[in-house]
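All remarks here apply to the structure that follows.
The values are calculated or read from the model by the stated rules, or taken from the named source; none is laboratory data. On a predicted model such as this, the values are computed, not experimentally measured, just so you know. Heads up, the Cβs are rebuilt from the backbone with ideal geometry, glycines too, and the neighbour counts pull from every protein chain shown. These accessible areas exclude ligands, DNA and RNA; they are computed on the full protein's heavy atoms, side chains included. Shrake-Rupley method; radii C 1.70, N 1.55, O 1.52, S 1.80 Å.
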Protein chains: 2
Amino acid sequence: MYKQLVANVEIDSGFWKKYIDLVIDTVIPYQYEALNDRIEGAEPSYAIQNLRIAARDIEGKYNGMVFQDSDLYKWIEAAAYTLKYKSNDILEKRIDEIACLLEKAQLPDGYLNTFYIVNDITKRWTNLCDCHELYCIGHLIEASVAYYESTSKDKLLNISCKAVDNICDVFGNDKDKLKGYPGHQEIELALIKLYNVTKNEKYLELSKFFIYTRGTENPNYFIEEWKKNGKKREFGLNDIKPMLEYNQCHVPVYDQKVAVGHSVRAVYMYTAMADIARITKDEKLINACKELWDNITQKQMYITGGIGSTNIGEAFTFDYDMPNDTIYAETCASIGLLLFANRMSLLEQKSEYADIIEKILYNIVIASMAQDGKHYFYVNPLEVFPKASKLNPTQFHVKPERQPWFGCSCCPPNVARILASLHKYIYSVTEDTVYVSQFIDSLLDCEIAANNINIKQNSELPWKGNIKLNVLLKKASEFKLALRIPSWNIQKPKLMINGKEIAFIEKNGYAIVDRIWENNDVVDFEVTVEVIIMESNPLVKKNIGKVAIQRGPLIYCLEEVDNFSNINEAVINVDTVWKETSMDISSLEVVVLIDRKSVV
Amino acid sequence: MYKQLVANVEIDSGFWKKYIDLVIDTVIPYQYEALNDRIEGAEPSYAIQNLRIAARDIEGKYNGMVFQDSDLYKWIEAAAYTLKYKSNDILEKRIDEIACLLEKAQLPDGYLNTFYIVNDITKRWTNLCDCHELYCIGHLIEASVAYYESTSKDKLLNISCKAVDNICDVFGNDKDKLKGYPGHQEIELALIKLYNVTKNEKYLELSKFFIYTRGTENPNYFIEEWKKNGKKREFGLNDIKPMLEYNQCHVPVYDQKVAVGHSVRAVYMYTAMADIARITKDEKLINACKELWDNITQKQMYITGGIGSTNIGEAFTFDYDMPNDTIYAETCASIGLLLFANRMSLLEQKSEYADIIEKILYNIVIASMAQDGKHYFYVNPLEVFPKASKLNPTQFHVKPERQPWFGCSCCPPNVARILASLHKYIYSVTEDTVYVSQFIDSLLDCEIAANNINIKQNSELPWKGNIKLNVLLKKASEFKLALRIPSWNIQKPKLMINGKEIAFIEKNGYAIVDRIWENNDVVDFEVTVEVIIMESNPLVKKNIGKVAIQRGPLIYCLEEVDNFSNINEAVINVDTVWKETSMDISSLEVVVLIDRKSVV
């Protein structure tokens, strides 16, 4: 573990800046329209309508999923991050209006959830297993912290604190308090953020209570709750006994060695576990996190960073079970894994965490959203056969085309908030080292040993392997620069300082240079971006006889439109010399690969 | 079309006689225990208990599926066929007792269905879409005809006629009659049997009414019925609008060119369509049958004769969609396809129909039942991974081991009745030809042009290709002998009469010899039984890079227990010289195949 110092980062150009601009200019306004049910041909959200009803602003009945509030909160969080890049009065006004509605909807005791406020407030906290009240407050916290950090406005933060204070009154180990925890984990990691901002220990304690209580009680809380409710449940699950593995409460968190159940819930929980482990230095919890991390990334993750092998329960199945067609690989699940990776990297600075973050950013996050910023994948399959998606019910969940919105639309605002906060995942700065974990054009501004350090990064990834760092200093300063050596890099990278190749130490997957840096030092780091034919572990039965084509961080896709019909008949020659050529796909200039042998 | 003459056939020895003995000695008694809920560790049937409650013999409430009666009826049908082989007073007494219970349960107007009689008789005929009343009566008819033919006892037949007379009063084109038809087809083919036995035209007309009405009405009967029922349905389907393709009532039967929907319902209906087409010589209906036959067998059938590519709806999906792991391939569906093949062969004597019957008998019917006669597959997959069957919900329906019984147990008694009536599928006799369609040890007794003809067949299939026919005649007789040339036969078969090879004409896949036969003529027919490596049409995406190993009619199975773990890694060398060796598997002497290259 190490202490991470404050760093200000801004993505200022290049490949990823286009996505950030897309989020600012298109995604945020588009999603606001979606949340207001104003997108023609898209499934309505009802999120803002529900809030207005709860705030007694209009009359009507609740619509949509029980967790509809959270889509709005994630959108606020995303919007808040974008204010860092571009001040936007209209956007702030919209968020402030929502804050006013939330303030009006919030009950005097702090309770806030439109589903129960609109439907039947006497039922609150009676179905933790299904009804997502704590989950929604988690996203409210994240939104309010982001908005506070961007604008210093504290109305939303105060609403969050009031809501959480109420939760502290209701939940806990004291007699008369509920010993329950969220059916869908999320608030645990959010509470850590609230603790970081407010320094109020009780928020940390509440997060710990939720994490450490889970799976320790006997009889299980959800099963008792279900019985108390006359076996009534949400989602048409009446009479179906809660499955404890689905909710990761089958055993205490210490004893969870294998990722199971609903994959988003799982990785959100593991993220909070890693947060708590870091703060409390709980060695047992650190070990549990490491085991879960290894299990997922070595045995339950697709090559794209997708997780969740089945749509039934949106869940993990078992080690090496990686069907390509009936896969789930929900966008949110990979985003959760990205968060988990980030928190693991705060526990130990190893390149494997940044490798997975990069894999997910390229192959899930931006792949799940169309270049127009208005269409999204919820499920990210490895194999799509449009006819099967339409005619074979086991593949109905796999959409061959990105959709404008979803009745359950957790993924689109999740993509928006990750892209808008991408600057958080590029660098980490400790007392003696600047770690460059993602090769993304950006400007770093930090301080080590009272010396101000600016680094301007320019990266040609994902298309080429040249990364250039301009070190800008007020005075010469000694610190270590640690550059991630990507997992897909197949030759030893070349590191040059001011045009001269230098040796470096390799530690935990980073190339480390320790020197006294001068102002205007230029670092050139060259990694190998070329085609690699990737094979699965043969225990992945569905991939026997199959390969994937990777180039740099990108997993390539073979489509009938570019090749021939019945693409499944394609055979990859292992000795192919790939022709790399440039092509414009939806205004994005990409490197496409051509098998020379198949070119006439 | 041709006139089929009466033939008496008995299976008297060899490979199949063992299965018939198993059915007589084990399966029939075992299933009787199952129907009486006396099998420990098996899901209860409730079929006889429900009947006893309906007959006011005991008190209680209805249990099990809405169509539980049909399991009992199929068992009676199977038991009735076995009486041909072995008289059995105890068995007859059991059936007669059931007949008495049925007589007591039957309402004065003829209505008979334990689900509605026990639960609420006022609801009868109000949910044709889901509730299987007509389906159950169909199986009652088949049982009663079989029992009447075996014993000449007519109590069951009279119960059937009374039940059907009631149906004739309720359904039909007359004003005030219901214009509905079965949600699950079955009675249509059964009514043809009842017509054949009773010669009562109204039963044929009722069958035609059900077939010809289907899909012609507007608005659709099931959708109107569903609305009338306040959108209430069985099977937890409330509010789900009936899907017309699922029930094959999306268009009139004439316009059905592609097999769709629930696969058992589909093939039972096509069987009745072929029956009616034969009887009425309806050319349009004959063409519809041929198109459906071609569609199934060329584009929607697994190499084993399995049909139904998805468990969701137990249904067909679309052409060339043949997943091996999420497959359904219900035993009953292949039995229905066998019946359809049989009826198609009555329309035109082509070997392809008998080929499919043979394929299903070897690879589904006997494969679905354990050698002990007490364990069954409902789903017959091409690929089984026990861990996935347990841990990946998309494969939960695929059982790695045969089960003692099922809550929905349509398949086990269906296997019993097909095996017990196997003698019906071996020969067909026309005015000038004896067709030998299945190579099964048996004795044929028939008459052509007033000459009695006996043929004793001895076949070494499936292990060897030698088939011997002893022709036993009272006097020399001219007739054609037509021997099926199996689809898997790869060299021209050898045909010898009295030890001397002779030439033959090949027509519609049969080797035909036209001669004046003498008593004790011996025919030797030699077909090639050797390993063939089978490849799918490449449009079957899931089979690209895969082959099947077939030897004679049998599709071979590769199992970890005989080979190595992670069997999916197995590679078949196309130039392998297979070593054929004998092995005892559960007391069955089988030919197993060994790849010499993999033998150390």
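Quick one: net charge around B:ILE286, please, counting Lys, Arg +1 and Asp, Glu -1 for every other residue with C-beta under 14 Å from its C-beta. It would help to have the intermediate numbers written out before the result.
Values: positive: B:LYS257, B:ARG278, B:LYS281, B:LYS284, B:LYS290, B:ARG343, B:LYS350; negative: B:ASP275, B:ASP282, B:GLU283, B:GLU291, B:ASP294, B:GLU348.
Every neighbour counted, the sum reads +1.
Give the share of C-alpha pairs in each 10 angstrom bin for region A:227-284, from 0 to the last occupied bin, in whole percents, shortest bins first.
Here the calculated profile for region A:227-284 is 19, 41, 26, 12, 1.
With N denoting the number of residues in region B:1-124, provide Rg(C-alpha) divided by 2.2 N^0.38 Å, to two decimal places. Walk me through the numbers on the way to the answer.
Details: Rg = 17.2 Å, N = 124, 2.2 N^0.38 = 13.7 Å.
Normalised Cα radius of gyration, region B:1-124: 1.26.
What would the Debye formula give as log10 I(q)/I(0) at q = 0.05, 0.09, 0.11 Å⁻¹ for the alpha-carbon point model of chain A, no solvent?
Debye curve over Cα of chain A, log10 I(q)/I(0) at q = 0.05, 0.09, 0.11 Å⁻¹: -0.21, -0.72, -1.09.
What accessible area per residue comes out for chain B, rounded to a whole number of Å², with a 1.4 Å probe? Write out the running numbers ahead of the final one.
Values: 24030 Å² over 600 residues.
Accessible surface, normalised per residue, equals 40 Å².
For region A:406-473, compute Rh as the Kirkwood radius over C-alpha pairs and then the Stokes-Einstein diffusion coefficient at 37 °C and 0.692 mPa s; write the answer in µm²/s, rounded to an integer. Display every interim value, and only then the final one.
Values: Rh = 13.8 Å.
Taking Rh from Cα pairs, D becomes 237 µm²/s.
For A:ILE223 and A:VAL251, what is the calculated FRET efficiency with R₀ set at 22 Å and r taken between the beta-carbons, to the nearest 0.05?
Working: r = 15 Å, r/R0 = 0.66.
After rounding, the FRET efficiency stands at 0.90.
So which chymotrypsin sites (Phe, Trp or Tyr not before Pro) in region A:16-54 end up in coil per DSSP with only 16 or fewer other C-beta atoms within 10 Å?
Working: sites: A:TRP16, A:TYR19, A:TYR30, A:TYR32, A:TYR46; in loops: A:TYR46.
Qualifying residues, ordered by number: none.
I need the inter-copy label distances for A:GLU10: point set 7 Å along Cα to C-beta, values in nm with one decimal, smallest first.
So the distances to the same position in the other copies read 9.9 nm.
Taking region B:32-95, which trypsin sites (Lys or Arg not before Pro) meet the DSSP loop condition and have no more than 16 other C-beta atoms within 10 Å? Show your work: numbers first, answer last.
On the way: sites: B:ARG38, B:ARG52, B:ARG56, B:LYS61, B:LYS74, B:LYS84, B:LYS86, B:LYS93, B:ARG94; in loops: B:ARG38, B:ARG56, B:LYS61, B:LYS84, B:LYS86.
Filter output for region B:32-95: B:ARG38, B:ARG56, B:LYS61, B:LYS86.
When the convex hull of the Cα atoms of region B:352-466 is projected onto a plane and the area is averaged over all directions, what value comes out in nm²?
Values: hull surface 38.3 nm².
That works out to 9.6 nm².
Please give the contour-minus-distance gain from A:GLU33 to A:ASP562: 0.36 nm per residue of separation, less the Cα-Cα distance, rounded to one decimal in nm. Mind showing how you got there, number by number?
Details: separation 529, 0.36 × 529 = 190.44 nm, distance 3.44 nm.
The span from A:GLU33 to A:ASP562 would gain 187.0 nm if fully extended.
For a bin width of 10 Å, list the pair-distance distribution of region A:420-561 built from all Cα-Cα distances, rounded to whole %.
11, 37, 29, 14, 7, 2
Would you mind telling me the share, in percent, of accessible area of the protein assembly as shown contributed by carbon and sulfur at probe 1.4 angstrom?
On the way: 23730 of 48050 Å².
Answer for the protein assembly as shown: carbon and sulfur cover 49 percent of the accessible area.
Where does the charge balance sit around B:VAL267 when Lys and Arg score +1, Asp and Glu -1, over other residues with C-beta under 11 Å from its C-beta? Please report the intermediate quantities before stating the final value.
Details: positive: B:ARG265, B:ARG343; negative: B:GLU186, B:GLU330.
Once positives and negatives cancel, what remains is 0.
So how far apart, in nm, are the two label points at B:ASN466 and B:VAL590 if each is 7 Å from Cα heading toward Cβ?
Taking the two extended label points, one gets 2.4 nm.
Check each of the trypsin sites (Lys or Arg not before Pro) in region B:191-299 and keep only those in coil by DSSP with at most 14 other C-beta atoms within 10 angstrom; list them in order. It would help to have the intermediate numbers written out before the result.
Details: sites: B:LYS193, B:LYS199, B:LYS202, B:LYS208, B:ARG214, B:LYS227, B:LYS228, B:LYS231, B:LYS232, B:ARG233, B:LYS257, B:ARG265, B:ARG278, B:LYS281, B:LYS284, B:LYS290, B:LYS299; in loops: B:LYS199, B:ARG214, B:LYS231, B:LYS232, B:ARG233, B:LYS257, B:LYS281.
Those satisfying the criteria are B:LYS199, B:LYS231, B:LYS232, B:LYS257, B:LYS281.
Between beta-carbons, use under 14 Å as the cut-off and find the net charge around B:ASP120, counting Lys and Arg +1, Asp and Glu -1.
Values: positive: B:LYS61, B:LYS123, B:ARG124, B:LYS232; negative: B:GLU133, B:GLU234.
The answer is +2.
So, R0 is 22 Å and r is the distance between the beta-carbons of B:LYS179 and B:LEU107; what FRET efficiency does that work out to, to 0.05? List each step's numbers first, then the result.
Details: r = 23 Å, r/R0 = 1.03.
Working from the Cβ atoms, E equals 0.45.
Can you give me the pair-distance distribution of region B:297-353, C-alpha pairs, 5 Å bins, whole percents?
With a bin width of 5 Å, the distribution comes to 5, 21, 27, 21, 14, 8, 3, 0.
Which distance in nm do the two modelled labels at B:GLU10 and A:THR122 give, with both placed 7 Å along the Cα-to-Cβ direction?
Result: 7.7 nm between the two label points.
Short version: what are the Cα gyration tensor semi-axes of region B:532-598, square root of 5 times each eigenvalue, largest first, in whole Å? Mind showing how you got there, number by number?
Working: eigenvalues 97, 41, 33 Å².
Ellipsoid semi-axes (Å, largest first): 22, 14, 13.
Of all the Cα-Cα pairs you can form in the protein assembly as shown, what percent are over 43 Å apart? Don't skip to the answer; put the middle values down first.
Details: 367689 of 719400 pairs.
Counting every Cα pair in the protein assembly as shown, those more than 43 Å apart make up 51 percent.
Using a probe radius of 1.4 Å on protein heavy atoms only, what is the accessible area buried between chains B and A, both sides summed, to the nearest 100 Å²?
On the way: alone 25250 and 25230 Å², together 48050 Å².
Rounded to the nearest hundred, the buried surface is 2400 Å².
Percent relative contact order of chain B, based on C-alpha pairs within less than 8 angstrom and at least six residues apart? Display every interim value, and only then the final one.
On the way: 1138 pairs, mean separation 80.5, N = 600.
Taking the mean separation of contacting Cα pairs over the length of chain B, I get 13 percent.
What are the residues of region A:529-571 that lose 50 Å² or more of accessible area, with a 1.4 Å probe, going from their chain alone to all protein chains?
A:LYS541, A:LYS542, A:ILE544, A:ASN566, A:ASN568
Calculate the spin-label point distance for B:VAL258 paired with A:ASP432, positioning each point 7 Å from the Cα along the beta-carbon direction, and give it in nanometres.
Spacing of the two 7 Å Cα→Cβ label points: 6.9 nm.
What figure, in Å² to the nearest 10, do you get for the accessible area of B:THR576 with a 1.4 Å probe and non-protein molecules left out?
Using a 1.4 Å probe on the heavy atoms, I get roughly 20 Å².
Please state, to two decimals, what the Cα-based radius of gyration of region B:67-210 comes to when divided by 2.2 N^0.38 Å (N = residues). Mind dumping the intermediate values first?
Numbers: Rg = 14.7 Å, N = 144, 2.2 N^0.38 = 14.5 Å.
This ratio for region B:67-210 stands at 1.01.
Once the label point is set 7 Å along the Cα-to-beta-carbon vector, what list of distances in nm do you get between A:LYS290 and its counterparts in the other copies?
With the label placed 7 Å along Cα→Cβ, A:LYS290 yields 7.3 nm.
Taking Cα pairs under 8 Å and at least six residues apart, what relative contact order does region A:26-118 come out at, in percent? Spell out each step's value before the answer.
Details: 87 pairs, mean separation 29.3, N = 93.
Relative contact order for region A:26-118 comes out at 32 percent.
At B:ARG515, label 7 Å along Cα→Cβ: distances to the other copies, nm, ascending?
In ascending order, 9.9 nm.
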